[in-house]
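K.L.:
Sharing a structure below in structure tokens format, with a few things to ask.
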Amino acid sequence: MVIIQTKRLVLRDFNEDDWEAVHEYASDPEVVRYMEWGPNTEEETRNFIKRAISHQNEKPRRNFTLAIVLKSEGKLIGGCGIVVSDPENRQGYIGYCLNRNFWGKGYATEVAEALVKFGFERLNLHRIFATCDPKNLASARVLEKVGMKLEGHLREHKFAKGKWRDSLLYAILDYEWKKLVEK
């Protein structure tokens, strides 16, 4: 079982009981506006939870889809993950999604920092990347705050919700991250 602790949060493996808290944000059109998925039906949310749980038993595990839980209340406020997308080249990507009642409080940055640290320290990755919609300025700021550099603007990179969508590509390398944490 994976448990990552930060100052205010616990990132942990999902369990079946989490589906209602997940559905609260996954069914919110405002929350999923820039996502490739959603707004979810109850069935889609339950299927997401089943997939997340199924990854927990993979050997070697390459997909760490985790619940974001407030330490103070034990309340699930979002989901996040890191995926080892290219084990031979030690590369992976991160993502996160928060219930909008918890936006603007620094939680996404705390999550992204924890995922990057986990990726470099525990998964021995060399490069971690993330993409976001160019209109999602808040997510772009989060990626920049954790030391990721903008590598490019991918034009019509994904077909989502019936239309082509651009993505911004951000990444950080292991030695860049080490320099940041040494400061």
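Since every read-out is calculated from the coordinates, none of them should be taken as a lab result. Everything numeric in this text was worked out from a predicted model, so none of it was measured. FYI the Cβ positions are ideal-geometry reconstructions off the backbone, even for glycines, and counts take in every protein chain you see.
K.L.:
With only Lys, Arg, Asp and Glu charged, each at its Cβ (+1 for the first two, -1 for the last two), find how big the charge dipole of the range 3-182 is about the Cα centre; round to the nearest 20 debye. Could you put the intermediate results ahead of the total?
P.N.:
Working: 29 positive and 27 negative charges, 93 e Å.
Charge dipole of the range 3-182: 440 debye, to the nearest 20.
K.L.:
Follow-up. What FRET efficiency do you get for residue 44 and residue 126 if R0 is 30 Å and r is their Cβ-Cβ distance, rounded to the nearest 0.05?
P.N.:
Calculated value: 0.30.
K.L.:
Further question on the same structure: Out of 88, 144, 36, any idea which swings most in a Gaussian network model of the chain, alpha carbons joined below 10 Å?
P.N.:
Top of the fluctuation ranking is 88.
K.L.:
Can you return the lysines within cross-link range of residue 163? Criterion is Cα-Cα under 16 Å, with same-chain partners fewer than 8 residues away left out.
P.N.:
135
K.L.:
May I pose another question? So for the pair residue 34, residue 85, with labels modelled 7 Å out along Cα→Cβ, what separation do we get in nm?
P.N.:
Going by the 7 Å Cα→Cβ label model, 1.7 nm.
K.L.:
Could I ask something else about it? Based on the Cβ-Cβ distance from residue 53 to residue 117, what FRET efficiency comes out when R0 is 25 Å, to the nearest 0.05? Kindly include the intermediate steps, with their values, before the conclusion.
P.N.:
Working: r = 24 Å, r/R0 = 0.96.
Efficiency, rounded to the nearest 0.05: 0.55.
K.L.:
Along Cα→Cβ, 7 Å out, is where each label goes; now give me the distance between the ones at residue 183 and residue 141 in nm to one decimal.
P.N.:
Placing both labels 7 Å beyond Cα along the Cβ direction yields 1.8 nm.
K.L.:
Could you give the distance between the Cα centres of the range 32-94 and the range 131-167, to the whole Å?
P.N.:
Centre-to-centre (Cα) distance: 18 Å.
K.L.:
Select one label from [x] 1.03; [y] 0.99; [z] 1.23: the one whose number is Cα Rg over 2.2 N^0.38 Å as derived from the coordinates shown.
P.N.:
[y]
K.L.:
Please give the peptides 117-129, 59-71 ranked by average Cβ packing (other Cβ atoms within 10 Å per residue), highest first, as a rough proxy for protection. List each step's numbers first, then the result.
P.N.:
Details: 117-129: 18.9, 59-71: 17.0.
Descending mean neighbour count gives 117-129, 59-71.
K.L.:
Beyond 26 Å between alpha-carbons counts as too far, so tell me which of 145/179; 75/117; 59/105 fall in that bin.
P.N.:
Working: 145/179 14 Å; 75/117 23 Å; 59/105 36 Å.
Where the Cα-Cα span goes over 26 Å, the pairs concerned are 59/105.
K.L.:
Return the single residue from 17, 133, 166 with maximal mean-square fluctuation; model: Gaussian network over the chain, springs between Cα atoms under 10 Å.
P.N.:
Result for the chain, Cα springs under 10 Å: 17 fluctuates most.
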